[in-house]
Amino acid sequence: LADQVKSDIQNLQSSLRELQDAVRLSTIRDSVENLQTSVSGMDRRIASLRARGYAFEKELEGKAADFTEQWTALAPNIRQQIEREAQTLERSLRPLETQITEMATKRGAPLALKPLVDRLITQVEALKGRAEAAQNSIRGSYDDFEDNVDSVEYHLEKLEWMLTELAKASFALLATESGIMAVKAVWAKDGKKERKDDPEGVLYLTDQRLIFEQKEEVATKKVLFIATEKKLVQEKLWEVPVAMVEEAKASKEGFMNKDDFIDIQLAAGAPYASLALHIWQPGDDWRALINRAKAKEFDATRAIAISVEEVEKVKSAPTQCESCGGTINQVVLRGMDSITCEYCGAVIRL
C-alpha cells in the first residue's frame with residue numbers, strides 16, 4: 001500500500017504539470033496562431049506561385065481575400081473565449097496545486113493518505129475533462145473555417161512542389177505552356193504489374209502535355225548486393241499531348257488496394273497505345289485533372305493571359321507539307337516554333 005500511495009503521488013505531480021499546460025489552453029492557442037499565420041501569409045504564397053509561372057485558378061486570390069475577411073470577424077471572439085475559459089480553469093487549478101504540493105511533503109500512514117490521494121486524482125481528471133471540453137467547444141466555433149484553409153494550403157503545397165520540380169527538370173516547357181500538377185510516380189511498363197526495375201520519377205500535367213521524367217538514384221556499384229555507389233538518373237522518357245488522351249482511368253492496386261494507379265489510353269499516332277503509372281496522389285483526382293486539361297477547362301481559369309498571336313499561330317498551322325504534300329497529322333502545340341514532316345523530314349516553320 002505504501003508503494004502504491006507513493007506511486008500515486010508521483011503520478012499526481014506529473015499530471016499536475018500536464019494540467020497546468022491544459023488549463024492555459026496552450027494547444028488551442030497554438031492552433032489559433034498557426035491559423036492566423038496561414039491566413040495572413042496566403043496572399044504572398046499565391047503571389048509567389050504567379051511569379052514562378054503558375055497561370056491557373058484565378059479564383060485563388062479571391063479565396064485568400066475571403067479567408068482574411070472571415071478571420072478578421074472570427075478571431076477576436078475566439079481569443080476572448082480562450083481567455084475567459086482559461087481564467088476559469090486556472091482558478092479551479094490553484095487549490096489543486098496547493099493540495100498536491102502539500103501531499104508530496106506529508107509523511108502520514110499510507111492508509112490515512114490514500115483517501116485524500118484518490119480524491120485528488122478524481123479532481124485532476126475532472127479538471128482535465130473540463131479543459132478538453134473547453135478546447136473542443138472553442139475549436140467547434142472555427143473548425144469548418146480551418147478545414148477550408150487547410151484544404152487550400154494543401155493544394156498550394158502541391159503547386160509549390162510542382163514548380164520546384166519543374167525548375168530542376170531536364171526539359172523545358174514550351175512558350176506559354178504552364179504546369180497544372182505534378183506527382184511522384186513509377187511508370188509501370190507492363191501495365192499494373194509494377195516491376196522492381198520500372199523507372200521512378202515525376203509525372204507532370206500541363207495545359208498541353210503529359211510528361212514523365214525519370215528521376216532516381218541508380219546503383220552503379222554493389223558489394224554483396226548492397227549499393228555502395230549511386231548516381232542520379234534524370235531524363236524525360238516520354239511526352240504525349242493531352243489532346244491524344246482518349247481515356248484516363250483511376251484504380252486501386254497492390255496490398256489491400258492502397259496504391260493509386262492512373263491508366264491512360266492514347267489515340268493512334270501516340271508513342272504508346274496506353275500508359276500505366278503508380279502515383280502518390282489520388283488517382284481519381286488525376287483522372288479529373290487530365291479530363292479537364294483535355295477539355296481546355298483550365299484556360300477559363302487563367303490568371304496569366306496568353307497572347308492572341310500565339311493562339312492564332314496554332315490555328316493557322318499548315319495541314320500539308322509544302323515539300324512533299326504529305327498530310328500533317330501531328331498535334332501542333334502552342335509555343336512550338338516548327339514541326340517536322342513525318343514523310344520527308346522537312347522542317348516546317350510555324
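The values are calculated or read from the model by the stated rules, or taken from the named source; none is laboratory data. None of the values given here were measured: they were computed from a predicted structure. With ideal geometry, Cβ positions are generated from the backbone for all residues, glycine too; neighbour counts draw on all protein chains shown. Calculation scope for accessible area: heavy atoms of the full protein, side chains included, ligands and nucleic acids excluded. Shrake-Rupley method; radii C 1.70, N 1.55, O 1.52, S 1.80 Å.
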Study note, to complete from the structure: For the chain, the dipole about the Cα centre with charges only on Cβ (Lys and Arg +1, Asp and Glu -1), to the nearest 20 debye, works out at 860
Practice item. Please identify which residues in the range 13-43 have an amide N closer than 17 Å to a label point set 7 Å out from the Cα of Glu61, following the Cα→Cβ vector. Key: 41-43
Practice item. Using Cα centres only, tell me the gap between the range 291-350 and the range 19-95 in whole Å. Key: 47
Check your understanding: If you take all C-alpha pairs in the chain, what percent of them are over 39 Å apart?
Key -> 44
Practice item. Report, in degrees rounded to the nearest 10, the 0 to 90 angle that the Cα long axis of helix 110-140 makes with the longest principal axis of the chain. Key: 40
**Study point:** Prolate/oblate/rounded call for the range 167-265, Cα gyration tensor, a/c under 1.5 rounded
**Key:** oblate
Study note, to complete from the structure: Of the accessible area of the chain, computed with a 1.4 Å probe and all protein chains kept, carbon and sulfur make up a percent value of 49
Review point. Running Debye on the range 92-222 with equal point scatterers at the Cα sites and no solvent, what base-10 log of I(q)/I(0) appears at q = 0.15, 0.17 Å⁻¹?
Key: -0.88, -1.02
Review point. In the range 240-350, how many lysine pairs have Cα atoms under 28 Å apart, counting only pairs 8 or more places apart or on different chains?
Key: 10
Exercise for review: Could you work out how far helix 60-105 tilts from the main Cα principal axis of the chain, as a 0 to 90 degree angle to the nearest 10?
Suggested key: 30
Study note, to complete from the structure: Between Lys313 and Thr37, Cβ-based FRET efficiency (R0 45 Å, step 0.05) works out to 0.50
Revision key, fill the gap. To the nearest 10 degrees, the tilt of helix 26-51 (Cα long axis) against the first principal axis of the alpha carbons of the chain is 20
